[in-house]
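Visitor: Okay, handing you the structure first.
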């Protein structure tokens, strides 16, 4: 019996098609039928053979058809992916059977999902992969992780990643880098450590990623360990690693180590050089950055656009205009591919170097301007004090439909702050609210600063109270704003509130000390002094200067001088504070000595320090010395006198009785005199009883400041001293017609940390009866010793008894009496008054200092009076 041979050597064979494992492994001819050479007996079975061949033909045809469909579907998926047709590719994957898809098809569509960042489609493909039971490992697992990372689903990427057995380093790098991008640096470090445990060899990119994580967290020790580790692995000369190491050290301000890495790189590329320049600039070492650039040029390293931009930034920070110009010229001559970023940096360089003319030219020639371009110009105008021009440019920017960013807004707010443009500032605030920019802490802080500098602390407080999150700058801005706007109580109250919620820093202390100085709140100032010592803030020059100023204005000049002497490095402000302090306390000679010491130490006086020394001369009657300083200021230091300097000279001439000279001096001034200058002469008229000149001067003052009641009161005092009661009455009627109100005399004294306030004529104080009784006894004793009260300062035309009662109600007398009643014997009495002390109160305070055998320090609106044993430090110059 003839059998069908399945394994004959005479079989015709072709390449096998895919088959099931249960099929007999045989070679197949092109017709799909097995056969052998015919024999003599074959014909006996010809019908069976034909039937068998037909059967095999049908089976093989089905196999070929199915296989072709599989190949065709995967080819179509790949084609759709090549064309970027994600929709059709995903639909084809989702509509296919398990057996119809191969690895390449899955990978192609996942890669396209990643490229187009289509997370939704990526998840659909992932679902198909899971349902089909495909093995998610190797290339397919890597593609899934890559897709989820690129589509922003780091959590799902991590889930897939954790199930992979793949030890490919690029996947670990991908994950570590992504964690660094989302600022989850600790998880990136965790993966790096796990990678080490598994023995997966790191490469240069791994080290770049992990150094970024260590750098951002400030893990210096760990970063230094990685530095040593990568050197052991032979990556020390790798530029990528070297650049990352430099960035790590620079970010942690370890400059020397960064420079050492740079110097040890054997084959530095332009990126290495650019990294060094950029890092030096970012760390505020612009000159070092320029030095590296010059070294780069000397070695013949090719300069690219990034180099030029980095050096331009160094020029901006260092004010190196000549090099900036040269770089601008070089870029034009060498035809570098100058983009808008380049032009913005050129613009910024000219702007920060004070060459607004060149900046304007560059800005005008820019074909394309970004918000950065406009902001650089606006900031440049603000920097040069051209706030109006900055505001106008901002309006032009709005007309050009360029939307401002946070930096533009803060720049224009600075402009409003500088020129006191409250209305424009409020318009900007409205824009901030409408565009949701009030969520920016940076913007809110700048907004508060603008309101504070424009004198609207109510608006500033409104912003402050609505802020959900406040940082140290927020608190400092408000405290400093209250201090500068003569709201010292509010400043101290907010400082107390801050201490419960946030820790003050040096700037906080420097901001709140002027409030203590303004109130002469010595006890509170001493408490803050203790805080300074406990926290080591005295090394901060701003704090040290503010502390000296506080003691000066609280009347403790000896301690102010002791603190001044231990300031390690004294700047111009330090010296100006102590010179002004001596002047305020009437120690003109000491002020001159300090001023000369300042000049000998090499510090050049400025306009403000000359105001201080002229003020000191004025309050000590040092006329010749004042003229020498006035002439020196103009001739030796080329400082053009301002109104404040002229006011000091007029005040000095007037105090010393040179009223006619003072009048002529005013009329010859090259600038228009203001009310303060005429007011100084009016004070001199009161001291030297020149009613005729006083009337002439007063009319000039009233024209300039018609609502300032202080000048009306001053003229009333002059009339009262001359006993011209009719004129006093006319002045009172004039004040009434104009609806003016005299500021009430107010004095205060601080005892055991509590401030007691006294208002002239007010008898509501709990100890009013005791105070009145004490003052009557003192007045009686003064009369017994031959003292005659200066009744004219009662400013009323009444009998002597009524005048005496009125004088006894002056606020400084009430405060001094309260001090005697409540302070231990021998304790210094420190009183502050909001107005100038009158002569009667001045004389009575001197008498009290003698009879009570204690020092009285009286600070009025003009100066300090140190009264001891019946003598005052002012020596009549007040």
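Visitor: What are the residues in the range 744-772 that are more than 14 Å from residue 819 (Cα to Cα) and assigned to a helix (DSSP H, G or I), if any?
Guide: Listed by number, the list holds a single entry, 769.
Visitor: Which of (1) within 16 Å of residue 418 (Cα to Cα); (2) touching a residue at least 24 places away in the same chain (Cβ under 8 Å); (3) surrounded by fewer than 22 Cβ atoms within 10 Å (Cβ to Cβ) does residue 390 not meet, given it meets every other one?
Guide: Here residue 390 meets the rest and fails (3).
Visitor: Now a separate question. Looking at the structure I just gave you, is residue 624 outside any loop (DSSP other than H, G, I, E, B), free of Cβ contacts under 8 Å to residues at least 24 places away in the same chain and either outside the structural domain of residue 681 (by TED's automatic domain parsing) or closer than 28 Å to residue 876 by Cβ (or both)? Spell out the reasoning first.
Guide: On the way: outside any loop (DSSP other than H, G, I, E, B): yes; free of Cβ contacts under 8 Å to residues at least 24 places away in the same chain: yes; either outside the structural domain of residue 681 (by TED's automatic domain parsing) or closer than 28 Å to residue 876 by Cβ (or both): yes.
Here the answer is yes, as residue 624 does meet what is asked.
Visitor: Would you mention how many residues in the range 845-877 are part of a strand (DSSP E or B), surrounded by fewer than 20 Cβ atoms within 10 Å (Cβ to Cβ) and touching a residue at least 24 places away in the same chain (Cβ under 8 Å)?
Guide: From the range 845-877, those part of a strand (DSSP E or B) are 856-859, 864-868, 871-872; that's our starting set.
Next, only the ones that are surrounded by fewer than 20 Cβ atoms within 10 Å (Cβ to Cβ) stay: 868, 871.
From the residues that got through so far, the ones that are touching a residue at least 24 places away in the same chain (Cβ under 8 Å) too are 871.
Count: 1.
Visitor: Taking helices (runs of 4 or more DSSP H) that do not extend beyond the range 465-524, which have at least 1 residues that are in contact with a strand residue (DSSP E or B) (Cβ under 9 Å, 6 or more places away or on another chain) and modelled with pLDDT under 95? Even if it seems obvious, please write down each step before you answer.
Guide: Details: elements: 472-484, 488-501, 506-519.
So the answer is 488-501, 506-519.
Visitor: Additional query: Does the range 716-726 contain at least one residue that is out of contact with any helix residue (DSSP H, G or I) (no Cβ under 8 Å at 6 or more places or on another chain) and part of a helix (DSSP H, G or I)?
Guide: Going through the range 716-726, the residues out of contact with any helix residue (DSSP H, G or I) (no Cβ under 8 Å at 6 or more places or on another chain) turn out to be 726.
Checking which are part of a helix (DSSP H, G or I) leaves us with 726.
Taking every residue of the range 716-726 in turn, at least one turns out to be out of contact with any helix residue (DSSP H, G or I) (no Cβ under 8 Å at 6 or more places or on another chain) and part of a helix (DSSP H, G or I).
Visitor: Any residue at all in the range 185-195 that is closer than 19 Å to residue 250 by Cβ and without any contact (Cβ under 8 Å) to a residue 40 or more places away in the chain? I'd like the intermediate steps shown before the answer.
Guide: We begin by selecting, within the range 185-195, every residue closer than 19 Å to residue 250 by Cβ; these are 185.
If we keep only those that are without any contact (Cβ under 8 Å) to a residue 40 or more places away in the chain too, we end up with 185.
Checked the range 185-195: at least one residue is closer than 19 Å to residue 250 by Cβ and without any contact (Cβ under 8 Å) to a residue 40 or more places away in the chain.
Visitor: Separate question: Restricting attention to the range 319-341, report how many residues are modelled with pLDDT of 90 or more and buried (at least 16 other Cβ atoms within 10 Å of the Cβ).
Guide: Selection size over the range 319-341: 7.
Visitor: Continuing with this model, one more query. Filter the range 370-398 down to the residues that are outside any helix (DSSP H, G or I) and over 20 Å from the mean Cα position of the chain (by Cα) and list them by number.
Guide: Those that are outside any helix (DSSP H, G or I) and over 20 Å from the mean Cα position of the chain (by Cα): 370, 386.
Visitor: Residue by residue through the range 178-204, note down the ones that are surrounded by 19 or more Cβ atoms within 10 Å (Cβ to Cβ), within 25 Å of residue 261 (Cα to Cα) and more than 30 Å from the chain's Cα centre (by Cα).
Guide: 188, 189, 192, 202
Visitor: Considering each of 401, 449 in turn, give the residue that is more than 24 Å from residue 370 (Cβ to Cβ) and either outside the structural domain of residue 357 (by TED's automatic domain parsing) or assigned to a helix (DSSP H, G or I) (or both). Lay out the reasoning, then the answer.
Guide: Values: 401 fails: more than 24 Å from residue 370 (Cβ to Cβ).
Testing whether each residue is more than 24 Å from residue 370 (Cβ to Cβ) and either outside the structural domain of residue 357 (by TED's automatic domain parsing) or assigned to a helix (DSSP H, G or I) (or both) leaves just 449.
Visitor: Find the residue count for the range 142-169, including only residues that are in a helix (DSSP H, G or I) and surrounded by 14 or more Cβ atoms within 10 Å (Cβ to Cβ).
Guide: Here is the first cut: in the range 142-169, the residues in a helix (DSSP H, G or I) are 142-150, 154-163, 169.
Next, from what is left, pick out any that are surrounded by 14 or more Cβ atoms within 10 Å (Cβ to Cβ): 142-150, 154, 156-158, 160-161, 169.
Residues meeting the conditions: 16.
Visitor: Can you name every residue in the range 451-467 that is under 22 Å from residue 502 (Cβ atoms) and under 18 Å from the mean Cα position of the chain (by Cα)?
Guide: Filtering the range 451-467 down to residues under 22 Å from residue 502 (Cβ atoms) leaves 451-452, 457, 460-467.
Scanning the range 451-467 gives 451, 452, 460, 463, 464, 467.
Visitor: Moving to a separate point now. Would you confirm, using the coordinates I've provided, whether residue 594 is at pLDDT below 95, assigned to a helix (DSSP H, G or I) and not assigned by TED's automatic domain parsing to the domain that holds residue 860?
Guide: Details: at pLDDT below 95: no; assigned to a helix (DSSP H, G or I): yes; not assigned by TED's automatic domain parsing to the domain that holds residue 860: yes.
For residue 594, the condition - at pLDDT below 95, assigned to a helix (DSSP H, G or I) and not assigned by TED's automatic domain parsing to the domain that holds residue 860 - is not met.
Visitor: Among the residues of the range 362-369, are any within 16 Å of residue 317 (Cα to Cα) and in a loop (DSSP other than H, G, I, E, B)? Full working, then the answer.
Guide: Initial filter on the range 362-369 (within 16 Å of residue 317 (Cα to Cα)): none.
No, every residue in the range 362-369 fails to be within 16 Å of residue 317 (Cα to Cα) and in a loop (DSSP other than H, G, I, E, B).
Visitor: For the range 121-139, which positions are loosely packed, with under 15 Cβ neighbours inside 10 Å and either under 16 Å from residue 73 (Cα atoms) or in contact with a helix residue (DSSP H, G or I) (Cβ under 9 Å, 6 or more places away or on another chain) (or both)?
Guide: Applying the first criterion (loosely packed, with under 15 Cβ neighbours inside 10 Å) to the range 121-139 yields 127, 130-131, 133, 135, 137-139.
Scanning the range 121-139 gives 127, 131, 133, 135, 137, 138, 139.
Visitor: Being touching a strand residue (DSSP E or B) at 6+ places or on another chain (Cβ under 8 Å) and surrounded by 21 or more Cβ atoms within 10 Å (Cβ to Cβ) is true for just one of 677, 718, 771, 749. Which residue is that? Even if it seems obvious, please write down each step before you answer.
Guide: On the way: 677 fails: touching a strand residue (DSSP E or B) at 6+ places or on another chain (Cβ under 8 Å); 718 fails: touching a strand residue (DSSP E or B) at 6+ places or on another chain (Cβ under 8 Å); 771 fails: touching a strand residue (DSSP E or B) at 6+ places or on another chain (Cβ under 8 Å).
The match here is 749.
Visitor: Sticking with this one: For residues that are in contact with a strand residue (DSSP E or B) (Cβ under 7 Å, 6 or more places away or on another chain) and outside any strand (DSSP E or B), scanning just the range 830-841, find the one that is surrounded by the fewest Cβ atoms within 10 Å (Cβ to Cβ).
Guide: Taking the range 830-841 as the starting set, the residues that turn out to be in contact with a strand residue (DSSP E or B) (Cβ under 7 Å, 6 or more places away or on another chain) are 830-834, 837.
Those still in the list that are outside any strand (DSSP E or B) too: 834, 837.
Details: 834: 14, 837: 27.
Looking at the filtered set, the residue picked out is 834.
Visitor: Evaluate the following for residue 127: is it modelled with pLDDT under 90 and over 28 Å from residue 241 (Cα atoms)?
Guide: Working: modelled with pLDDT under 90: yes; over 28 Å from residue 241 (Cα atoms): yes.
Considered against the rule, which asks whether it is modelled with pLDDT under 90 and over 28 Å from residue 241 (Cα atoms), residue 127 comes out as yes.
Visitor: Listed residues 821, 780, 795; which is touching a helix residue (DSSP H, G or I) at 6+ places or on another chain (Cβ under 7 Å) and at pLDDT below 90? Outline the logic, then answer.
Guide: On the way: 821 fails: at pLDDT below 90; 780 fails: touching a helix residue (DSSP H, G or I) at 6+ places or on another chain (Cβ under 7 Å).
Checking each option against the conditions leaves just 795.
Visitor: Kindly provide the set of residues from the range 307-325 that are under 27 Å from the mean Cα position of the chain (by Cα) and part of a helix (DSSP H, G or I), ordered by number. Talk me through it step by step, then tell me what you get.
Guide: Step one: filter the range 307-325 for residues under 27 Å from the mean Cα position of the chain (by Cα), giving 309-321, 324.
Within the range 307-325, 309, 310, 311, 312, 313, 314, 315, 316, 317, 318, 321, 324 meet the criteria.
Visitor: Give 228, 234, 223 a once-over and let me know the one that is assigned to a loop (DSSP other than H, G, I, E, B), free of Cβ contacts under 8 Å to residues at least 40 places away in the same chain and in the same structural domain as residue 182 (by TED's automatic domain parsing).
Guide: Values: 228 fails: assigned to a loop (DSSP other than H, G, I, E, B); 223 fails: assigned to a loop (DSSP other than H, G, I, E, B).
Only one candidate passes the filter, namely 234.
The values are calculated or read from the model by the stated rules, or taken from the named source; none is laboratory data. All of these numbers come straight from a predicted model, not from anything done at the bench. For neighbour counting, all protein chains shown are included, and Cβ atoms are generated from backbone atoms with ideal geometry for every residue, glycine included.
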